[in-house]
1. Using 0.36 nm per residue, how much length does the chain from Ile125 to Gln31 gain when fully extended, once their Cα-Cα distance is taken away?
2. Taking the structure as given and computing volume of the Cα convex hull per residue in Å³, which label from (1) 206; (2) 115; (3) 142 fits?
3. How many lysine pairs in the chain, separated by 8 or more positions in sequence or lying on different chains, have Cα atoms less than 16 Å apart?
4. Taking a label point 7 Å from the Cα of Ala14 along the Cα→Cβ vector, which residues of the range 37-64 have an amide N closer than 17 Å to it?
5. When the Karplus curve 6.51 cos²θ - 1.76 cosθ + 1.60 is applied with θ = phi - 60°, which whole-Hz ³J(HN,Hα) does each residue of the range 16-27 get, with x for Gly and Pro?
6. Just name one of Leu36, Val50, Gly60: the one whose Cα is farthest towards the positive end of the charge dipole of the range 2-67 (beta-carbon charges, Lys/Arg +1, Asp/Glu -1).
7. Quick one: which residues, 5 or more positions from Asp98 or on another chain, have an amide H under 5 Å from its amide H? H modelled 1.01 Å from N in the peptide plane, none for Pro or chain starts.
8. Could you give the length gained by full extension between Asp98 and Val58, i.e. 0.36 nm per residue of separation minus their alpha carbon distance, to one decimal place?
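The numbers here are math on the coordinates, done by the rules we state, and not lab data. Since this is a predicted model, take the numbers as computed values, not measurements. Neighbour counts run over all protein chains shown; Cβ positions are idealised from the backbone, glycine included.
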Amino acid sequence: MKFLTSDGIKEIEASRESSIFKFNEKSVDIQQDIWLEMNGKRHKVVATKVGDCWWLHVQGYILRYEVVEEGVSNSHDNSGLTAPMPGKILDVNFSAGDAVKKGDVLLVMEAMKMEHKIIAVTDGIVESVNYNVGDQVTQGAELLVIVQN
């Protein structure tokens with residue numbers, strides 16, 4: 001799963017055993033309280049979810065994690081980005097001709113009362129933006145096209 005952090009996009013592969021999630025030689029025990037185990041020591045974590053963003057407070061640090069939902073590439077190449085589900089376009093951040101970098105938030109759509117960020121999967125130039133703010137889109141609709149540099 002990919003998360004947007006203050007250090008950029010991070011991919012975390014976790015496994016689950018009951019209430020324990022393990023990743024990168026760390027474990028998180030989620031019961032009534034959340035405990036993070038690192039280097040053999042357990043630390044209590046306070047977690048708060050605001051919208052699609054998780055704020056974690058541990059050992060005097062505040063960490064911010066937001067799930068990244070990349071747009072779905074079409075079956076022919078990686079230039080077209082399609083809607084992961086039906087929804088409404090809330091924000092379009094780029095126009096045709098703009099340069100984008102992998103990880104840029106291209107547009108934001110609302111679906112099932114949640115905001116979904118469509119993220120650039122490659123560096124390139126926006127060839128076309130096929131929808132405007134306020135437009136309703138169906139699942140699989142090609143939202144925009146990026147031509148790779």
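1. So the chain would gain 29.2 nm between Ile125 and Gln31.
2. Among (1) 206; (2) 115; (3) 142, the one calculated here is (3).
3. Pairs that pass both the separation and distance tests number 18.
4. 37-39, 42-59, 62-64
5. 10, 10, 6, 9, 10, 9, 10, 7, 6, 6, 10, 9
6. The residue sitting most towards the positive pole is Gly60.
7. Under 5 Å from the amide H of Asp98: Val126.
8. 10.5 nm
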